[in-house]
1. In segment 614-633, how many residues are surrounded by fewer than 18 Cβ atoms within 10 Å (Cβ to Cβ) and not aliphatic (A, V, I, L, M)?
2. Among the residues of segment 171-206, write down those that are within 13 Å of the ligand (Cβ to nearest atom) and open to solvent by 10 Å² or more (accessible area, probe 1.4 Å).
3. I need every pair where a residue in segment 164-192 that is within 22 Å of residue 128 (Cβ to Cβ) has its Cβ under 7 Å from the Cβ of a residue that is within 16 Å of the ligand (Cβ to nearest atom) and among the acidic types (Asp, Glu), sequence separation at least 6 or different chains.
4. Of the residues that sit in segment 291-345 and are among the acidic types (Asp, Glu) and open to solvent by less than 70 Å² (accessible area, probe 1.4 Å), which one is farthest from residue 280 (Cα to Cα)?
5. Regarding residue 80, is this residue surrounded by fewer than 18 Cβ atoms within 10 Å (Cβ to Cβ), within 14 Å of the ligand (Cβ to nearest atom) and not polar (S, T, N, Q)?
6. Restricting to segment 426-449, name every residue that is open to solvent by less than 40 Å² (accessible area, probe 1.4 Å) and in contact with a helix residue (DSSP H, G or I) (Cβ under 7 Å, 6 or more places away or on another chain).
7. Can you tell me how many residues in segment 443-482 are closer than 24 Å to residue 325 by Cβ and small (Gly, Ala, Ser)?
8. How about segment 580-622: which of its residues are touching a Ser or Thr at 6+ places or on another chain (Cβ under 6 Å), of a type in the set (Asp, Glu) and touching a residue at least 40 places away in the same chain (Cβ under 8 Å)?
Amino acid sequence: MAQAKPEQYSGSDIQVLEGLEAVRKRPGMYIGSTGPRGLHHLVYEVVDNAVDEALAGACDKIEVWIHEDNSVTVDDNGRGIPIDKHPKEKIPTVEVVLTILHAGGKFGGEGYKVSGGLHGVGVSVVNALSSRVDVRVKRDGEEHSISFERGKTKEKLQRVGKAKGTGTKITFWPDPEVFTETLVFEYETLANRFREMAFLNKNLKIILYDERELDETGAAKKETFQYAGGIQDFVKWLNTGKETLNKPIYFEAKNEDGDVEVAMQWSTSYSTNSVLAFANNINTQEGGTHLDGFKQAVTRTINDYARNKGFLKEKDSNLSGDDTREGLAAIISVKLHDPQFEGQTKTKLGNTEIRSLVQTAVTQGLAEFLEENPKPAKRIIDKASQALKAREAARRAREMSRKAGALDSFSLPGKLADCSSKDASLSEIFIVEGDSAGGSAKQARDRKFQAILPLRGKILNVERAGLHRALSSESISSLITAIGTNIGEDFDAEQARYHRIIIMTDADVDGAHIRTLLLTFFYRYMPELINLGYIYIAQPPLYGLKKKNSRSIKIDKYLFNEAALKKEMAALEDPDKYDLQRYKGLGEMDPQQLWETTMEPSTRTLLQVSIENASEAERVVSELMGDQVEPRKLFIQKRAKEVRYLDI
Ligand code: 28F
């Protein structure tokens, strides 16, 4: 794929679309929110520009500093943003790129740009939402600087001195007037994204420094992400600690539409959704044409091979897509000039031409691997055949139970106290542990729109159980029937009977464990419900504060976490005037209390479950819930300090 000679660029590619005022008025339009996610988006925008330089073959190192004052510096060794006078705007190009919306884009030009969705709005958005931005450019043996305040030029471009090498360095201070919720950057959040970027851009070195944490030598905490194996290393990383069936399969293809890279590796695990798809380095969580092409090619190629080699007899039915993907970890990374992002969160790739490019590449690459590696090929086919047998056994079991009339798919689980409303968008289901909590929840609820599903004790860890065992577990099949969407390839979000599925377990260790088992189930069997934002975690109070020997039984104040308790106790002059009650389980609250603290929409607080970083979520679930003890121990030790309760 020919890339335009970089020097052909000129300022004229810049399009002046909107003033930065628009950005400050409605920041959410450009970075999604002004909460923690939007704050971290500022870093991604700046780093994406540096990665574009890497995609243009002009940069191979990016350094990122988190400073103590919550500012961030990104420094690349690319060509340096041009400082020539912009033909149309009559100001330096670097000033145009930093102050004019969507400037710096490679609109219509050759090459790839990390763009689409909330990505690619341009570094001028970062400028508009920062109280200050300092830019240093090294080009043509000289270093120049220019600075801004809230998007407006503060110090004009000036020569700083001689420079060795070339590159761009940008420091920005997020504006406290805009980011009112928090200005604190989370190390892990940035590290996860940079790891992913390094995997997706072979050999690119990204170094992250955190000056807020000094190591034993007093130097800033530092982590380097660089992978010579690119997405092959990515797939190995996903399979860390697992027993794999083949060495990573890798292939790449290009045409005038773009470039596709694929890495695949099966393991003995059971998950069928460990396939991550990216377009221009953006994780397409909602899938799209590249993922569809991949899935279709894998299913067909595995079936063809199994039949040609006689593993599948004439009379045998085909292996399903889920059968062939059970235990498969794969990365599909496509780079295209004109990506069309669709879907609710603009993370679904729409380009139809990419489907056939991927399909052809995967069919060819996978068929070749299977032909040339008969031993791993047999292990892969055996695994898929076992999945098929398990699925058919589960279906027969359901058939039998339906004949017995016990749990036929039309009737809902006996334990479910359903709501009267049939409008799923207004309905919610509380998943509670045990009958006592179930009892008080049933009394507390508003039966018009609130259903209760009590689950008996611990639910199966689906990360360690195949489909057959999962479907023969009563609580899993109750969940699937009650929610109504079915699972796997038969999953249909339109059939969801509730648009709010609320995990309401006790505020103790057992409750936390059941919550992680439920989150594992939703992540593995109904991930689209998480992406749709249907999954929530209820926040019951931990403590109740009541004035001593007051006649009323009413609680004066509910406290929902340890921090709130500490703050409250500090505020009370003499705590001994109050009784403090610790709620171990939901059953200890009377229904009225449970209703007003945890279930009533106008007074409760719900945590909405979302997947912030798909590769991190994939690793956390397989490390924490998988059957390998070592990785789990390491994971917990690494995060011990921050684990208050486990939240995926
Ligand atoms: C710390 C963040 O923003 N790096 C960047 C470049 C390099 C060029 C460029 C950027 C040309 C006119 C559109 C240089 N020489 N890191 C960064 N590095 N932008 S942003 O050009 C912008 C285009 O407007 C560059 C030759 N071609 C491109």
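The values are calculated or read from the model by the stated rules, or taken from the named source; none is laboratory data. Since we're looking at a predicted model, the values are computed, not measured. Cβ coordinates were reconstructed from backbone atoms using ideal geometry, including for glycine residues, and neighbour counts include every protein chain displayed. Side chains included, ligands, DNA and RNA excluded: accessible areas come from the protein's heavy atoms. Shrake-Rupley method; radii C 1.70, N 1.55, O 1.52, S 1.80 Å.
1. 6
2. Once the filter is applied, which keeps residues that are within 13 Å of the ligand (Cβ to nearest atom) and open to solvent by 10 Å² or more (accessible area, probe 1.4 Å), segment 171-206 yields only 171.
3. 168/76; 169/75; 171/134
4. Step one: list which residues in segment 291-345 are among the acidic types (Asp, Glu), which gives 292, 304, 314, 316, 322-323, 326, 338, 342.
The next check asks that each one be open to solvent by less than 70 Å² (accessible area, probe 1.4 Å); those that pass are 292, 316, 322-323, 326.
Numbers: 292: 17, 316: 40, 322: 27, 323: 29, 326: 27 Å.
Residue satisfying both the conditions and the ranking: 316.
5. Numbers: surrounded by fewer than 18 Cβ atoms within 10 Å (Cβ to Cβ): no; within 14 Å of the ligand (Cβ to nearest atom): yes; not polar (S, T, N, Q): yes.
No, not satisfied.
6. 429, 430, 431, 432, 433, 437, 440, 441, 444, 445
7. Selection size over segment 443-482: 6.
8. Within segment 580-622, 618 is the sole residue that qualifies.
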